[in-house]
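Shown next, in structure tokens, is the structure this report addresses.
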Amino acid sequence: MPGERREITECLIEIAQELGGTLTAEEALHVIIEHTKVFFPHQSLAVVILDENTGKLNIHTSREISYLFVKHFMRNVGGTVVPRVLLKHERILINDIKSDDPEYAHLKLELDFKYLCLVPIIQNQRAIGYLHCDRMEGPPFTDEDARRMLIIAYLIGQQMQKFELLFLTRHLALIDEASKALKYQAFVDQFRREMLRAKTYHTPLGLIFLNLDDYVAFVATSGIEAGHTLLEEVHKLIKECVRPIDLIGRFSANEFIVCLGGMNRAEAETTLEHIRNEIQQRAALASGHPVNVSGVAMTFERPEDFDLPLEKILAALGSGLIAVRTKSKHASASIPPPRK
């Protein structure tokens, strides 16, 4: 036991040192999970967060579960076990559960399991989610396992609270006041990290570049305040068409750029058309004027795509958009990444 405590202490010191260099809550979570998973024999170790707006559970981070499962996972709070964790802040140990148990479907992530440990993630005295650890083989979970997981869950809660506060203080520096999308430089900084993550984990990455074709004329006739209202409405509609993990930036006066993590070419093309249709139909109704949109989609899937200079990528997007608008106004196309 003394040796074990010493190892945990050393691990926590290493985590604290690395957390100082993290820039987002997601990065902080990855640091914590990667360092601590060595103490928990597992097949699935995940941070599951409750979305305040929808009341649904989402996997915030996990390395053991497939990317596609994480991307599509969204679950209502069901059964009796998860509510005990979220509402009563209980630590739950389940050993030797059967697949026909009524609770099984509410607890299973991607893989079948036999042993399970759940501990609440607390922030401001309320549970915002839980730390999930399961396995099919190996020893049952013990109270000591739950205690150690609770320490990690506490650290996760503190980090998420820290980044919420940082987000509030950095909001003006990151967020475009008119549209509420990311400012150009903030988008670029986050896009670089998404490129690195996609390269590391061999997942595709999509970019969508959108132009509000008649924005200048709209502002000339309706005024700048109406223009800002339209930009905010467009950003809201884009958010509804993509996922929380995707990035949306205001590129210029009438241009938006969207980064789509894990999307292949076909998915990026479908998303582009969905966004265009929603803006052209719903933003027009809100503004009382026609809103036409041109756009291009670019997908990075080959290993060499992720080493392209950002300047070449942005130049290719701009050229592609000009080519599309020259050929046919209010149109869209899929374009390849530039070549070195």
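The values are calculated or read from the model by the stated rules, or taken from the named source; none is laboratory data. The structure displayed is predicted, hence computed values, not measured ones. Glycine gets a Cβ as well: all are built from the backbone with ideal geometry, and neighbour counts include every protein chain shown.
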Considering only strands (runs of 3 or more DSSP E) wholly within the range 1-118, the ones with at least 1 residues that are touching a residue at least 24 places away in the same chain (Cβ under 8 Å), crowded, with 19+ Cβ neighbours inside 10 Å and of a type in the set (Ser, Thr, Tyr) are 44-50, 56-61
Picking from Glu18, Glu52, the residue that is within 16 Å of Ile121 (Cβ to Cβ), of a type in the set (D, E, K, R) and either outside the structural domain of Lys114 (by TED's automatic domain parsing) or at pLDDT 80 or above (or both) would be Glu52
Every residue from the range 189-205 that is aliphatic (A, V, I, L, M) and in a helix (DSSP H, G or I)
Met195, Leu196, Ala198
Which one is nearest to the chain's Cα centre (by Cα), of the residues in the range 245-298 that are of a type in the set (Ser, Thr, Tyr) and not in a helix (DSSP H, G or I)?
Ser252
Any idea which residue in the range 173-186 is farthest from Asn292 (Cα to Cα), counting only those that are assigned to a helix (DSSP H, G or I), of a type in the set (A, V, I, L, M, F, W, C) and touching a Lys or Arg at 6+ places or on another chain (Cβ under 8 Å)?
Ala173
Pairs returned, first residue in the range 272-294 that is under 17 Å from Cys241 (Cα atoms) and assigned by TED's automatic domain parsing to the domain that holds Val216, second residue that is hydroxyl-bearing (Ser, Thr, Tyr) and not in a helix (DSSP H, G or I), beta-carbon separation under 7 angstrom, 6 or more apart or interchain, are Leu272/Ser332; Glu273/Ser332; Arg276/Ser332; Ser294/Ser332
What residue, among those in the range 301-340 that are out of contact with any helix residue (DSSP H, G or I) (no Cβ under 6 Å at 6 or more places or on another chain) and hydroxyl-bearing (Ser, Thr, Tyr), is modelled with the highest pLDDT?
Ser319
Residues that are basic (Lys, Arg), touching a Gly at 6+ places or on another chain (Cβ under 7 Å) and under 30 Å from Gly21 (Cβ atoms): does the range 67-86 have at least one?
yes
Just one listed residue, out of Leu210, Leu205, is of a type in the set (A, V, I, L, M), in contact with a Gly (Cβ under 8 Å, 6 or more places away or on another chain) and within 14 Å of Ala283 (Cβ to Cβ), and it is Leu210
Just the residues that are touching a Phe, Trp or Tyr at 6+ places or on another chain (Cβ under 6 Å) and either surrounded by fewer than 18 Cβ atoms within 10 Å (Cβ to Cβ) or at pLDDT below 90 (or both), please, taken from the range 125-147.
Met136, Pro140
Leu182: modelled with pLDDT under 95, closer than 26 Å to Leu50 by Cα and surrounded by 20 or more Cβ atoms within 10 Å (Cβ to Cβ), yes or no?
yes
Just name the residue that is farthest from the chain's Cα centre (by Cα) out of those in the range 299-322 that are of a type outside the set (Val, Ile, Thr), surrounded by fewer than 14 Cβ atoms within 10 Å (Cβ to Cβ) and not in a loop (DSSP other than H, G, I, E, B).
Ser319
Residue count for the range 181-213, restricted to those that are among the small types (Gly, Ala, Ser) and farther than 18 Å from Met263 by Cα
2
Step by step: first the residues of the range 119-163, then only those that are of a type in the set (Lys, Arg) and part of a strand (DSSP E or B), then the one that is farthest from Gly20 (Cα to Cα). Which residue is that?
Arg135
